[in-house]
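Q: The structure that follows is given in the form of structure tokens.
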Amino acid sequence: MGALRMAVMTPRHGMRTLWMGALLLLAPGCLSGARNLGAATTPVGTTEVGVSVNTLAFERGRERAYLPNPELTFRKGAGENWDWGGRLTLLGLELGTRHRLVERSPWTLSVAPSAGVWYVPVTNNSTEPVNLRLGAQTLVDYRLNRTWTLTGGASLMGGFAGPLTVFQGRFNGSHLLVSPGGSLGVAYRLNPSLELRAEAGIELPLDLKDGRRQPTGNLGLTLRWGRAARR
């Protein structure tokens, strides 16, 4: 009976995750994006490749606008407890590692530092198109069963946002940001090498000079498959 109750509850968890993502997107804010990561690291000798579609919420004048943002992602197992990878989008590139700290069934805890560079022409009326971000995300997996996994995340990112004149050494109009955030995801294992993951998140950016900015929300869906290296 316990296993039956677990199977009935899991679709409801998935619907709650998607509904939360839709609500978060109603909040105005700067460009953001789902990272679509779980806490479980990629096994050594395995390469994972994924295709993601994220929905981004951003300001356009005084109106809210939404933009689909396709991504290519990859992860490669580098050691028993860590991997590395990144994501390539139409607007930038992010690279990082993921380190598994604790694994006690059904829980897994990891930390994932990352750094990225983005060109963001649609945010803040195009005044801050150059974005650099550096920070880390803590990830916690809870495996409901062999098929379903819930992932919670907490992140802290430091950012630089400025005009194109920064490439000429002129930094007028630039801003330093600190952005704590959180995320909730649900993954469905289609087979041992194929996973479908949905994720929603929110960030609360703080301008170190001008104070708090509008929250930003994101919603993403990723199809990821893995392939072990031949020996």
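The values are calculated or read from the model by the stated rules, or taken from the named source; none is laboratory data. Everything quoted here is computed from the prediction, not taken from an experiment. Don't worry about glycine lacking a Cβ; one is built from the backbone with ideal geometry, like all the others, and counts go over all protein chains shown. The accessibility values were calculated without ligands, DNA or RNA, using every heavy atom of the protein model including side chains. Shrake-Rupley method; radii C 1.70, N 1.55, O 1.52, S 1.80 Å.
Q: For Tyr142, work out the one condition from (1) aromatic (Phe, Trp, Tyr); (2) part of a strand (DSSP E or B); (3) modelled with pLDDT under 95 it doesn't fulfil.
A: Checking Tyr142 against (1) aromatic (Phe, Trp, Tyr); (2) part of a strand (DSSP E or B); (3) modelled with pLDDT under 95, the one that fails is (3).
Q: Can you pull out every residue in region 77-98 that is in a loop (DSSP other than H, G, I, E, B) and within 15 Å of the chain's Cα centre (by Cα)?
A: Taking region 77-98 and keeping what is in a loop (DSSP other than H, G, I, E, B), we get 80-81, 90-91.
Residue satisfying the conditions is Leu91 alone.
Q: Quick test for you: out of Ser179, Ser155, Ser174, pick the one residue that is among the polar types (S, T, N, Q), within 17 Å of Arg87 (Cβ to Cβ) and open to solvent by less than 50 Å² (accessible area, probe 1.4 Å). Walk me through it before giving the result.
A: Values: Ser179 fails: within 17 Å of Arg87 (Cβ to Cβ); Ser174 fails: within 17 Å of Arg87 (Cβ to Cβ).
None of the other options fit; the residue is Ser155.
Q: Separate question: If I go through region 87-113 residue by residue, how many of them are in contact (Cβ under 8 Å) with a residue 24 or more places away in the chain and either under 22 Å from Thr55 (Cα atoms) or open to solvent by less than 20 Å² (accessible area, probe 1.4 Å) (or both)?
A: Of the residues in that region, 10 qualify.
Q: Still on this model: Tell me, which residue of region 199-209 that is in a strand (DSSP E or B) and surrounded by fewer than 21 Cβ atoms within 10 Å (Cβ to Cβ) is nearest to the chain's Cα centre (by Cα)? So that I can check it myself, show each step before the final result.
A: Quick first cut of region 199-209, residues in a strand (DSSP E or B) only: 199-203, 206-207.
Among the residues that remain, those that are also surrounded by fewer than 21 Cβ atoms within 10 Å (Cβ to Cβ) are: 206-207.
Values: Leu206: 19, Asp207: 21 Å.
Looking at residues that are in a strand (DSSP E or B) and surrounded by fewer than 21 Cβ atoms within 10 Å (Cβ to Cβ), I get Leu206.
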